[in-house]
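Notes for the one structure printed next.
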Amino acid sequence: MKVFKTEIEGLLIIEPKIFRDERGYFYESYNKNIFNGSDINLEFVQDNQSLSKYGVLRGLHFQNPPFAQAKIVRVIKGAVMDVAVDIRKNSSTYGKHCKIELSEDNFRMFYLPVGFAHGFISLADNTIFSYKCSNVYNKESEGTIKWNDPILNIDWGIQNPVISEKDITNAQSFSDFQSKFL
């Protein structure tokens with residue numbers, strides 16, 4: 001497994017070692033001992049999975065403390081453009097974002113520590129996306145920032161994405177957002 005730092009402190013790109021042969025491939029998507037030997041020293045308590053059509057945009061979501069979540073995300077089938085936005089108010093990169101393509105072909109995983117809003121846009125039909133979370137979901141702690149906020153200026157790469165009504169009505173602008181993350 002190789003772990004790469006990004007331009008935003010704490011965000012990590014993980015490339016697992018893939019074992020291929022005539023039957024297909026095998027890899028460890030998670031091994032607590034290996035991850036705890038890196039900068040990822042957490043207990044993960046919940047796994048989530050979603051299925052999305054091409055052009056579906058989910059995000060930008062986060063869980064406020066005390067239910068804040070660190071995540072390891074990956075694509076099982078298909079492809080996404082994955083986006084993490086730094087919402088740690090004392091961070092020198094507050095409001096900055098990092099994008100990475102995750103796909104069934106590149107096997108990359110993305111680690112997001114606590115204090116990041118997260119979203120992705122599906123680049124293929126029937127994309128299966130997997131989230132490994134360090135805390136359980138809590139409805140009262142969920143938050144959403146507008147995916148198309150002009151301050152964040154995220155280029156999602158697809159015109160007219162499919163957005164849930166919940167993400168439209170519950171999302172707040174970044175200028176109105178009051179971070180609870182240090």
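The values are calculated or read from the model by the stated rules, or taken from the named source; none is laboratory data. Predicted, not measured: the structure shown is a model, and the values here were computed from it. Positions of Cβ are backbone-derived with ideal geometry, glycine not excepted, and every protein chain shown enters the neighbour counts.
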Among strands (runs of 3 or more DSSP E) lying entirely in region 1-87, which contain 3 or more residues that are among the hydrophobic types (A, V, I, L, M, F, W, C)? 12-15, 56-63, 71-77, 79-86
Can you name the residue in region 123-154 that is of a type outside the set (A, V, I, L, M, F, W, C) and within 19 Å of ILE100 (Cβ to Cβ) and is also surrounded by the most Cβ atoms within 10 Å (Cβ to Cβ) among such residues? THR127
Could you check GLY78 against (1) over 14 Å from the mean Cα position of the chain (by Cα); (2) of a type in the set (Gly, Ala, Ser); (3) over 17 Å from GLY157 (Cβ atoms) and say which number it fails? (3)
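Here is a yes/no grid of residues against (1) in contact (Cβ under 8 Å) with a residue 24 or more places away in the chain; (2) among the aromatic types (Phe, Trp, Tyr); (3) closer than 15 Å to GLU142 by Cα; (4) out of contact with any Pro (no Cβ under 8 Å at 6 or more places or on another chain):
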{"residue": "SER50", "(1), (2), (3), (4)": "yes, no, no, yes"}
{"residue": "ASN64", "(1), (2), (3), (4)": "yes, no, yes, yes"}
{"residue": "ALA70", "(1), (2), (3), (4)": "yes, no, yes, no"}
{"residue": "ARG74", "(1), (2), (3), (4)": "yes, no, no, yes"}
{"residue": "ALA84", "(1), (2), (3), (4)": "yes, no, no, yes"}
{"residue": "LYS89", "(1), (2), (3), (4)": "yes, no, no, yes"}
Hey, could you check region 32-59 for residues that are modelled with pLDDT of 95 or more and among the basic types (Lys, Arg) and say which is surrounded by the fewest Cβ atoms within 10 Å (Cβ to Cβ)? LYS53
All but one of (1) among the polar types (S, T, N, Q); (2) exposed (fewer than 13 other Cβ atoms within 10 Å of the Cβ); (3) at pLDDT below 95 hold for SER29; which doesn't? (2)
Would you confirm whether or not region 3-15 contains a residue that is more than 27 Å from GLN178 (Cα to Cα) and polar (S, T, N, Q)? no
Only residues that are under 13 Å from VAL73 (Cα atoms) and not in a strand (DSSP E or B): list them for region 115-140, please. SER134
Please state which of the following conditions GLU101 fails to meet, knowing it meets all the rest: (1) within 30 Å of ARG20 (Cα to Cα); (2) assigned to a loop (DSSP other than H, G, I, E, B); (3) touching a strand residue (DSSP E or B) at 6+ places or on another chain (Cβ under 7 Å). (2)
Quick one: count up the residues across region 71-80 that are more than 18 Å from LYS2 (Cβ to Cβ) and buried (at least 20 other Cβ atoms within 10 Å of the Cβ). 4
If we scan region 174-182, do we find a residue that is crowded, with 18+ Cβ neighbours inside 10 Å and under 15 Å from the mean Cα position of the chain (by Cα)? no
Being under 26 Å from GLU9 (Cβ atoms) and either touching a Gly at 6+ places or on another chain (Cβ under 6 Å) or not aromatic (Phe, Trp, Tyr) (or both): is that true of SER134 here? yes
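If I filter region 104-114 down to residues being in contact with a Leu (Cβ under 8 Å, 6 or more places away or on another chain) and outside any strand (DSSP E or B), which single residue comes out as surrounded by the fewest Cβ atoms within 10 Å (Cβ to Cβ)? Step through it out loud before you land on a result.
Just the residues of region 104-114 that are in contact with a Leu (Cβ under 8 Å, 6 or more places away or on another chain), to begin with: 108-113.
Right, trim to outside any strand (DSSP E or B) and you get 108, 113.
Details: ARG108: 19, PRO113: 22.
Ranking the qualifying residues of region 104-114, first place goes to ARG108.
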